Amino acid sequence: MSIKSDNRHLYLQVIDRLKQDIEDGVYKEKEKLPSEFDLAKQLGVSRATLREALRILEEENVIIRRHGVGTFVNAKPLFTSGIEQLNSVTNMILQAGMKPGTVFLSSVTMGPTEDDIRRFSCSLDQEIAVIERVRTANGEPVVYCVDKVPEDILPDTFSHEQESLLNMLEEEANRKITYAVAQIEPIGYHEKISPILECDPETALLVLKQMHFDEADTPILYSVNYFRADKFSFHVLRKRI
């Protein structure tokens, strides 16, 4: 069925139509769309108009185009959170109605790097614990985590079985994290991390870097989390001032 013309640009109408078709189940998640020739013919638009619509839909992560293979509908993210909310990975998974889990990879104690000294305002002889884990949802790997904590902050009771470092620091170290300074950026395929998260070569990652502070404005925890972009989405609430 072709597009019914209104006053908007044709490519905007194509975007709305394809989104509606995906919502209605005409095209299902991970399903391949018809060829550009066939889809343009179905919609009654030029291939140039269709390509512009597909380009924007790809930017919005609605579809993914695989060179030489075709165009596919992206799976909707299972987890969504406002980046302004300081929410643990554990809570994000629980809020989606799934069971959080942890695969412990490594834990080492080392001297601080120059960046660590700057981040934690620590001395050269202060040890830093580096914890590497994979977080799972219903057994599926979804987040790769690297966390850094000054060794003297970690409680003696710390164990690798604990799910949430934020809860552990509050309940066992009496250090309540109240805010974090965050930076988020998308990256493509990562040679080490993408296979651990069982990503397809086309699956992007969202890297969230956060410096966490306690009630006394003391830097407590630095984390770098690699989220599967097909599983997680983040949004920001912006207010006019």
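The values are calculated or read from the model by the stated rules, or taken from the named source; none is laboratory data. Everything quoted here is computed from the prediction, not taken from an experiment. Cβ placement follows ideal geometry from the backbone for every residue including glycine, while neighbour counts extend to all protein chains displayed. The protein model used for the area step is the full one, side chains on, heavy atoms only, and it has no ligands, DNA or RNA in it. Shrake-Rupley method; radii C 1.70, N 1.55, O 1.52, S 1.80 Å.
At-a-glance table
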quantity: Of 111, 44, 101, the one that fluctuates the most in a GNM where the chain has Cα springs shorter than 10 Å; calculated: 44
quantity: Solvent-accessible surface (1.4 angstrom probe) belonging to residue 16, in square angstrom, nearest 10; calculated: 70 Å²
quantity: Phi-based couplings in Hz for region 189-198 (Karplus 6.51, -1.76, 1.60; Gly and Pro marked x); calculated: 4, 10, 4, 8, 7, 4, x, 4, 8, 6
quantity: 21 Å Cα-Cα threshold exceeded, pairs from 209/239; 148/192; 30/209; 99/209; 41/231; calculated: 209/239; 30/209; 99/209; 41/231
quantity: Apportionment of accessible area to carbon and sulfur, the chain, percent (1.4 Å); calculated: 49 percent
quantity: Average accessible surface area per residue within the chain, 1.4 Å rolling probe, Å²; calculated: 57 Å²
quantity: Solvent exposure, largest accessible area first (probe 1.4 Å, DNA, RNA and ligands not counted), of 124, 43; calculated: 124, 43
quantity: In order through region 59-73: 3J(HN,Hα) via Karplus (6.51 cos²θ - 1.76 cosθ + 1.60), integer Hz, x for Gly, Pro; calculated: 4, 7, 6, 7, 10, 9, 9, 9, 4, x, 10, x, 10, 10, 7
quantity: Residue-averaged [θ]222 nm for the chain, counting only DSSP H segments that reach four residues, each worth -39500 (n - 2.57); calculated: -7000 deg cm²/dmol
quantity: Under the Karplus curve 6.51 cos²θ - 1.76 cosθ + 1.60, θ = phi - 60°, whole-Hz ³J(HN,Hα) for region 95-109, x wherever Gly or Pro sits; calculated: 5, 8, x, 10, 9, x, x, 9, 10, 6, 9, 6, 8, 9, 10
quantity: Sparse-neighbour loop sites [trypsin sites (Lys or Arg not before Pro); region 1-77; at most 11 other C-beta within 10 Å; DSSP]; calculated: 4, 8, 28
quantity: With all protein chains modelled, accessible area of residue 160 [1.4 Å, Å²]; calculated: 70 Å²
